[in-house]
Amino acid sequence: MAADTPTGYIKHHLSNLTYGKVPAGTELCDGSVAQSEQWLLAACESEMDAMGFWAFHVDSLAFSGLLGVLFIAIFAMVARRASAGVPSGLVNFVEMVVEFVDTSVRDSFHGKSKLIAPLALTIFCWVFIMSSVKLLPVDSATGLANLFGLHYLKIVPTVDPNITLAMSFSVLFLVIGFSISSKGFGGFIGELTLHPFEVKNPIGKVLFIPINFILETVALLAKPVSLGLRLFGNMFAGEFVFILLAAMLGYWQFIGAVPWAIFHLLVIPLQSFIFMILTIVYLSMASEHH
C-alpha cells in the first residue's frame, strides 16, 4: 500500500510488519471502531500505532533469523572446504575475517574464555549482514511483499531498536554472568555497592552503599542502552536518507543513492566493529578483579 505523498511514502517504508493486539475502541483503516480486541497483521498505520507492548515486528524477527542462518550456512560451507593448501575466493575472505576478529579479541580481552572469540565473530558478521541489506533498492522488498498482500515490510533488522536493544541487553546478561563467574556473587554485589566511593569507616561505608548502588547500576545499564542505540541510530539515519532520496527523486534516486551507498560500505563494517569491540571490552572489564 504505497502512499501518494512523500511524507506518506516515508512513513510507509518506516513501518514494520506487525502482529499484535489492537485495543478495543481503536479506529481501523475503514474508519470504523473496533468493538473488541483483535489480532491483526499490520493492517494499517492507525492500528500499528495502537499496538500494545507485546506486539511483534514480524519482519525484523524473520529477517534477523534468516540472516543469522545465512551466516551459519556460509561459515559451515567454508569450514568444509578449508584445506591445508593456500586458500582462495570465499575461503580466503572468511579466513581474513576470522584472523581479524581473533586479533581484536587477543588485543582487547585480558581474561581466559573460549566463548569470547566465537561470540565476537558472530556479532561482527551478523551485524554486518543485517546492516548490509539496506544497500538493496528501497522498493525492491516492499514491491515483492505487495504481491503477497503484505503492505508493510522492513528488511533491515538493525533499523529496528527492538533488535539492537535485544542484542545489547544480551550482552548485559553476559557481562553480569562473567562478573559473577570471575568474582563470585558477593564480589559482584560488592562492586555495585562499595564503588566508586570507598571509605574505611564502617559507618561511612554503610551510608555510601545506596549511593554507590545507584551510580553503579546506572553505569551498568547505560552500557547496553548506549550500545544498542548507537547501532540503531547510525543504521536508521542511513536508511532514512535512502528512503528520503527515493521519495524525492523516484526512479532517479540512484543519483544520490549510489554515493550514499558507497559511503555506507565504510559505515556498515565500522558499526559492526564498534558493536563487537565494545562487547569484548565490557566482558573483559567484567572478568577483571579489582
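The values are calculated or read from the model by the stated rules, or taken from the named source; none is laboratory data. Just so it is clear, the model here is predicted, and its values are computed rather than measured. Here Cβ is always computed from backbone atoms with ideal geometry, including for glycine, and neighbour counts include all displayed protein chains. Accessible surface areas use protein heavy atoms only, side chains included; no ligands, DNA or RNA. Shrake-Rupley method; radii C 1.70, N 1.55, O 1.52, S 1.80 Å.
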Quiz item: For segment 54-106, how many residues meet the condition of being of a type in the set (Ser, Thr, Tyr) and in contact (Cβ under 8 Å) with a residue 12 or more places away in the chain?
Solution: 3
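Looking at 69, 58, can you tell me which residue is surrounded by 16 or more Cβ atoms within 10 Å (Cβ to Cβ), modelled with pLDDT of 80 or more and under 25 Å from residue 157 (Cβ atoms)?
On the way: 69 fails: surrounded by 16 or more Cβ atoms within 10 Å (Cβ to Cβ).
The conditions single out 58.
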Quiz item: Considering segment 105-116 alone, what residues qualify as being farther than 16 Å from residue 272 by Cβ and either among the small types (Gly, Ala, Ser) or not in a loop (DSSP other than H, G, I, E, B) (or both)?
Solution: 106, 107, 111, 113, 116
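Can you give me the number of residues within segment 97-118 that are among the aliphatic types (A, V, I, L, M), open to solvent by less than 50 Å² (accessible area, probe 1.4 Å) and closer than 25 Å to residue 264 by Cβ? Before you say what the answer is, go through the steps one by one.
Step one: filter segment 97-118 for residues among the aliphatic types (A, V, I, L, M), giving 97-98, 101, 105, 115-117.
Next, from what is left, pick out any that are open to solvent by less than 50 Å² (accessible area, probe 1.4 Å): 97, 101, 105, 116-117.
Checking the rest, the ones that are also closer than 25 Å to residue 264 by Cβ come to 97, 101.
Result for segment 97-118: 2.
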Quiz item: Do we find that residue 75 is under 20 Å from residue 231 (Cα atoms) and either of a type outside the set (A, V, I, L, M) or modelled with pLDDT under 80 (or both) in this structure?
Solution: no
Quiz item: residue 83: at pLDDT below 85, farther than 30 Å from residue 9 by Cβ and open to solvent by 50 Å² or more (accessible area, probe 1.4 Å), yes or no?
Solution: yes
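Would you confirm, using the coordinates I've provided, whether residue 198 is outside any helix (DSSP H, G or I), charged (D, E, K, R) and over 30 Å from residue 61 (Cα atoms)?
Numbers: outside any helix (DSSP H, G or I): yes; charged (D, E, K, R): yes; over 30 Å from residue 61 (Cα atoms): yes.
For residue 198, the condition - outside any helix (DSSP H, G or I), charged (D, E, K, R) and over 30 Å from residue 61 (Cα atoms) - is met.
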Quiz item: Residue check, residue 240 against (1) under 30 Å from residue 190 (Cα atoms); (2) in contact (Cβ under 8 Å) with a residue 40 or more places away in the chain; (3) open to solvent by 30 Å² or more (accessible area, probe 1.4 Å), all met but one. Which one?
Solution: (1)
Quiz item: Out of all the residues in segment 119-137, is one or more assigned to a helix (DSSP H, G or I), open to solvent by 60 Å² or more (accessible area, probe 1.4 Å) and among the aliphatic types (A, V, I, L, M)?
Solution: yes
Exercise. Could you please find all residues in segment 142-162 being within 30 Å of residue 281 (Cβ to Cβ) and either charged (D, E, K, R) or open to solvent by 20 Å² or more (accessible area, probe 1.4 Å) (or both)?
Key: 160, 161, 162
Exercise. For segment 235-254, indicate whether the set of residues that are within 30 Å of residue 112 (Cβ to Cβ) and either part of a helix (DSSP H, G or I) or touching a Ser or Thr at 6+ places or on another chain (Cβ under 9 Å) (or both) is non-empty.
Key: no
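Taking the stated definitions as given, is residue 206 part of a helix (DSSP H, G or I) and open to solvent by 80 Å² or more (accessible area, probe 1.4 Å)? Spell out how you get there, then give the answer.
Working: part of a helix (DSSP H, G or I): yes; open to solvent by 80 Å² or more (accessible area, probe 1.4 Å): yes.
It is true that residue 206 is part of a helix (DSSP H, G or I) and open to solvent by 80 Å² or more (accessible area, probe 1.4 Å).
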Exercise. Scan segment 167-186 for residues that are in contact (Cβ under 8 Å) with a residue 24 or more places away in the chain and more than 17 Å from residue 280 (Cα to Cα) and jot them down.
Key: 183
